[in-house]
Amino acid sequence: MKIGIEIRQIVPGSSGGMAMLVKGVLDALFEQYPEEDFFIFSTIFNRGLVGQNRKHVEVITLPIANFFEALDRLSKRIGLSVLIRTYPAEVELNFSMSKQIFLVPDLQHEFYPEFFSSEVVRSRRVAFNKALVWSAAIGTLSEFTKRTIEAHEWTRCRDIFIVHPGLPFKMHHDDVPVLTPENQRDIPSKAFFIYPANLWPHKNHLRILKAFAGFLDKTGHDLQLILTGHREGWSSLNAAFPSLPVFHLGFVSDSLLRRLYQKATALVFFSLYEGFGIPLLEAFDAGIPVMCSNTTSLPEVGGDAVLSCDPTDTDAMSGLMASVVEDNKIRNELISRGKRRLQLYGWESSAKNLYEACERVVCRKSGEIRVSGGMSSNDYPLVTIVTPSFNQGQFLRKTIDSVLNQSYSHIEYLVMDGGSQDNSVDILKSYGDKICWVSELDHGQSDAINKGFNRSNGEVLAYLNSDDLLLPNAVSTVIEYLLQHPDWDLVYGGAQYIDKEERVTGIYNTADYSFERLMQDCCICQPAAFWRRRIANKVGPFSPKLQYAMDFDYWLRIDRAGGRTHHIQDMLASSRLYAENKTLSARREIYKEIFQVCLSHGGYVDYSYFVGFWDHLINENRYAAVTALGRYSKLIRLLAMLHLRFFDFRRMGIRNIPFALRRTYARALSRSFSKGGIFYRISNPFLVKLADKRPVSGLWSDNWLGPRCSFFKNETSLVSDDLIGGIPAIDMDLTVKLDNKEVLRKSLKEKTYESIRFSIDPNGYKRIQLNFSRHVLDPARRRLSFLLFETNLFREEDIL
């Protein structure tokens, strides 16, 4: 087999335990199956994650800018049998999903969405849900995560297997790691607990510090708490406990972490959510007791070798700390059980599970994907359509008939009448039991729609206003698409405008979907839109605060919740436009709500809406003198632009100034490099601080370095040696400077892989400068010196 492995999103340190998992499983995979060919697709930030000194393993570094496009090309050129994706990504590949295996560590974003930004939740849902639907196979960390994946509403994949972590360290627990003098100083002289975890919300640091403070107050013991991992957010957390003996060491080397485990009194691991919990294995191996949460995967991993409690109960956590310190019998029993527990977890069994999954995928028929659940070709999902109505007797019968006459029969139809005073109730009664209806006072259209859906049972939902129509095959067309695409959540088609007499007066301006396109104008016609209940459960009800743009708001909320929206070309509905309806009679109020919705979900209002607003004010004005201005379209665009600028400035005020300066500085810095770097050389630390960036200068998007490069050392860098690795374009000399002080000079040989390391105190300097003595010109007249394959001098987010 030719097995591809994509590690685009796995970065040591910032990826937490996933980096350990990928490294451990892949090293065992390469060791156990030397007869297979493996191709690792990496970036400059993670090339060193997996071993490279194997004849059957080729590591290929791809540029960040077009990583997935390059991956697609190489997959086809190499002729990959299967592709292992080490983390779900939003980007879709042309490489067949029937030959892709995904590693899905957990679904934490579904259980604790508040621990992530709204954009991260949306991105994870888009990427993870597609993997859960279309993966040929899914590897996950534990039986707990396997159960949560199987129970997830989007999951269709039936081939789900376990790739649990093993022990990261490759030494016996009695061995003493070799440490540098700096590392020796980081080891406390007093007894201490250890908690190795990035400062992520689910790691529960605040409660752990409260529990530790309670433990010290109640027992009087003289212990410290040592934290390691990502330090972002530590200063504010530490300020809340100024006198507590807690010390954060940041990222530490494997040797130092190993020694900290050996010296620690116990491991504290009261996390709120874990897909596995590698530190438990590390503590078992080091021979120290473990205290952890009684939730998620930790009871499975820890078994009888841990003391556990509710991670939200600080008193219980304090009690466990006291038990471990004061009761030697408990300590010794936990240590003994931990050693036995450790034997259950090894990299070899996980590598075997992953390899066998590759074999299963390759042996399946071409294009076959093992899916289960949801809607299949033999299912006829119930479709719920709700019609909100109030005094619409003149159109109501036509609307009802357009639903009842659908070619698709499995429809649940509810009409929610708002207590009409016309003949609407008589019309509803005339249908007998063919429809369900209610006539009572409500709080507007959104309230009526929500009431209808609360009474409904359908898997697919839609609402149809009481003056609009569905075309005869609309529902059957939508269901056919949804059956073929189980990852789609919202489907919308084309629609035509009709007048009171049902004469076609125009075509709704639908378009292929993107969030940016929807923010320009509502490209989704409401009566032609259908969505699944599973995404409705994530999004919630229509907003009762909105009277006009509730549908536009709902589509944007579906996108922000991670729903997949698709446009189909089929004509599905007729939208009625006439002078008395809400769409035409309340234009100013509609634009007010649109502006509000755009700001809420996108953070901006597109220029197109200002053009539409001013076109309404001028062209739809009843005064002839004003309407005459409509002939001057340039005037409308000018007024719209001025309105947009005023709107943004009033909203952001003085905050616009640093934003504009940052953007101007970044653009000038980027352009100036290609012209010799003049702007960069004359800039000063004030401008850098003002830009709020640690810029990377001299790096091209295809990983080439120019003759002069600068990097600002970030505060969260790993403590390993600084590194650049790659191939010089020509024989040359490299000079490395730290804050203009030369620290290294090295001769480089053309077309020879060079790995350059230099170990410096990470707190001792700010800027790293690389000066290459020679360069070549490419066809675009770029000056190129060194093709970069790996580095830890900066992060992906540092690139301007």
The number of residues in region 361-378 that are modelled with pLDDT under 70 and either open to solvent by 60 Å² or more (accessible area, probe 1.4 Å) or over 40 Å from the mean Cα position of the chain (by Cα) (or both) is 7
Taking the condition of being touching a residue at least 12 places away in the same chain (Cβ under 8 Å) and open to solvent by 20 Å² or more (accessible area, probe 1.4 Å), how many residues in region 333-343 meet it? 6
When the residues of region 440-464 are filtered to those that are part of a loop (DSSP other than H, G, I, E, B) and open to solvent by 30 Å² or more (accessible area, probe 1.4 Å), which remaining residue is nearest to ASP551 (Cα to Cα)? HIS443
When you scan region 401-419, do you find a residue that is assigned to a strand (DSSP E or B), out of contact with any Pro (no Cβ under 6 Å at 6 or more places or on another chain), among the acidic types (Asp, Glu) and touching a residue at least 40 places away in the same chain (Cβ under 8 Å), even just one? yes
PHE115 crowded, with 18+ Cβ neighbours inside 10 Å and either of a type outside the set (Val, Ile, Thr) or under 19 Å from HIS485 (Cβ atoms) (or both): no
Identify, from the list ASN94, ASN53, the residue that is surrounded by fewer than 16 Cβ atoms within 10 Å (Cβ to Cβ), closer than 30 Å to GLU150 by Cα and more than 19 Å from the chain's Cα centre (by Cα). ASN94
Among what's in region 233-280 and is touching a residue at least 40 places away in the same chain (Cβ under 8 Å) and among the β-branched types (Val, Ile, Thr), pick the residue that is nearest to LYS203 (Cα to Cα). VAL268
Report the residue count in region 409-424 for those that are more than 12 Å from GLN394 (Cα to Cα) and either of a type outside the set (Ser, Thr, Tyr) or out of contact with any strand residue (DSSP E or B) (no Cβ under 7 Å at 6 or more places or on another chain) (or both). 11
Given the conditions (1) at pLDDT 95 or above; (2) part of a strand (DSSP E or B), and given that LEU71 satisfies all but one, which numbered condition is not satisfied? (2)
Out of PHE115, PHE102, PHE68, sole residue that is within 26 Å of LEU298 (Cβ to Cβ) and out of contact with any strand residue (DSSP E or B) (no Cβ under 8 Å at 6 or more places or on another chain): PHE115
Positions within region 381-412 being touching a helix residue (DSSP H, G or I) at 6+ places or on another chain (Cβ under 7 Å), within 20 Å of ASN473 (Cα to Cα), of a type outside the set (Lys, Arg) and open to solvent by 10 Å² or more (accessible area, probe 1.4 Å), in sequence order: LEU404, GLN406, SER407, TYR408, ILE411
Hey, could you check region 75-94 for residues that are among the hydrophobic types (A, V, I, L, M, F, W, C) and modelled with pLDDT of 95 or more and say which is nearest to ASN703 (Cα to Cα)? ILE78
Would you mind telling me which numbered condition in (1) part of a helix (DSSP H, G or I); (2) surrounded by 23 or more Cβ atoms within 10 Å (Cβ to Cβ) LYS538 fails? (2)
Does any residue of region 578-591 turn out to be of a type in the set (A, V, I, L, M, F, W, C) and farther than 30 Å from ARG455 by Cβ? yes
Picking from TYR554, TYR604, TYR548, TYR578, the residue that is buried (at least 19 other Cβ atoms within 10 Å of the Cβ), in a loop (DSSP other than H, G, I, E, B) and in contact (Cβ under 8 Å) with a residue 12 or more places away in the chain would be TYR548
Based on what the data block shows, is TYR591 in a helix (DSSP H, G or I), within 29 Å of the chain's Cα centre (by Cα) and either without any contact (Cβ under 8 Å) to a residue 40 or more places away in the chain or at positive phi (or both)? no
Residues located in region 480-526, provided they are open to solvent by less than 30 Å² (accessible area, probe 1.4 Å), at pLDDT below 95 and of a type in the set (D, E, K, R): ASP487, ASP499
Identify the single condition in (1) aliphatic (A, V, I, L, M); (2) closer than 19 Å to TYR753 by Cβ; (3) touching a residue at least 24 places away in the same chain (Cβ under 8 Å) that VAL25 does not satisfy, given that it satisfies every other one. (2)
With the checklist (1) more than 23 Å from PHE613 (Cβ to Cβ); (2) free of Cβ contacts under 8 Å to residues at least 40 places away in the same chain in hand, flag the one item ASN509 doesn't pass. (1)
Would you mind stating whether PHE241 is open to solvent by 10 Å² or more (accessible area, probe 1.4 Å), under 30 Å from PHE144 (Cα atoms) and at pLDDT below 95? no
Within region 433-442, can one find any residue that is touching a residue at least 12 places away in the same chain (Cβ under 8 Å), touching a Phe, Trp or Tyr at 6+ places or on another chain (Cβ under 7 Å) and farther than 23 Å from ASN473 by Cα? no
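Assess whether LYS190 counts as being touching a strand residue (DSSP E or B) at 6+ places or on another chain (Cβ under 7 Å) and either surrounded by fewer than 20 Cβ atoms within 10 Å (Cβ to Cβ) or at pLDDT below 90 (or both).
Yes: the conditions hold for LYS190.
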Under the condition of being among the acidic types (Asp, Glu) and part of a loop (DSSP other than H, G, I, E, B), which residue from region 481-528 is nearest to VAL91 (Cα to Cα)? ASP487
Only unsatisfied item for MET317, checking (1) touching a Lys or Arg at 6+ places or on another chain (Cβ under 9 Å); (2) open to solvent by less than 20 Å² (accessible area, probe 1.4 Å); (3) more than 24 Å from ASP222 (Cβ to Cβ), is (3)
Could you list, in sequence order, the residues of region 216-258 that are acidic (Asp, Glu) and within 27 Å of PHE284 (Cα to Cα)? ASP222, ASP254
By residue number, the members of region 719-748 that are of a type in the set (Gly, Ala, Ser) and either closer than 25 Å to GLU182 by Cα or buried (at least 16 other Cβ atoms within 10 Å of the Cβ) (or both) are SER720, GLY725, GLY726, ALA729
Looking at region 188-215, which of the residues that are small (Gly, Ala, Ser) and touching a Ser or Thr at 6+ places or on another chain (Cβ under 9 Å) is nearest to LEU280 (Cα to Cα)? ALA197
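Here is a yes/no grid of residues against (1) in a helix (DSSP H, G or I); (2) of a type outside the set (Phe, Trp, Tyr):
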site: SER14; (1), (2): no, yes
site: LEU21; (1), (2): yes, yes
site: GLY24; (1), (2): yes, yes
site: PHE30; (1), (2): yes, no
site: GLU35; (1), (2): no, yes
site: PHE39; (1), (2): no, no
site: PHE45; (1), (2): no, no
site: GLY48; (1), (2): yes, yes
site: GLY51; (1), (2): no, yes
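The values are calculated or read from the model by the stated rules, or taken from the named source; none is laboratory data. As the structure is a prediction and not an experimental result, all values here were calculated from the model. Every residue, glycine as well, gets a Cβ built from its backbone with ideal geometry; the counts of neighbours run over all protein chains shown. These accessible areas exclude ligands, DNA and RNA; they are computed on the full protein's heavy atoms, side chains included. Shrake-Rupley method; radii C 1.70, N 1.55, O 1.52, S 1.80 Å.
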